[in-house]
Amino acid sequence: MPDLKLAKLPDRTPVKIAVTVSPDLNRSLHAYAELYREAYGATESVPELIPYMLETFLESDRNFARAQKERAPGERSAAAASVHVGRTRRSGSPDSPSTAS
């Protein structure tokens, strides 16, 4: 087997997760989508925004990052290890279709 500098790519198969939210949270999510449209001039649906909102939340949670860092490398979950993989910073529309509902 050749010795490549690039490691084997992680599993990038989208996973669909269905969630139920309160009416208040639903209104807030739609208000956020409207503010996003005003800020960037691009209309994105709530389901398209939610995965990026969750990634941003996880990336900003210092206690989560610390706990993940303290775990042995083999214990780290694949999802936590790749929270930022394939993510586009707020320079425009997301880079992949949403898988959240």
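In this simple spin-label approximation, residue 5 and residue 24 carry label points 7 Å from Cα along the Cα→Cβ vector, and these lie 5.2 nm apart. Highest mean first, the peptides 46-55, 26-35, 61-70 sorted by other C-beta atoms within 10 Å per residue fall in the order 46-55, 26-35, 61-70.
In whole Å and largest first, what semi-axes does the C-alpha gyration tensor of segment 18-67 yield when each eigenvalue is scaled by 5 and square-rooted? Please report the intermediate quantities before stating the final value.
Values: eigenvalues 102, 45, 17 Å².
Each semi-axis is √(5λ); the values are 23, 15, 9 Å.
Throughout, read-outs are computed from the coordinates displayed, never taken from laboratory work. Just so you know, these numbers come straight off a predicted model, no measurement behind them. Reconstructed Cβ throughout: ideal geometry from the backbone, glycine too, with neighbour counts over all protein chains shown.
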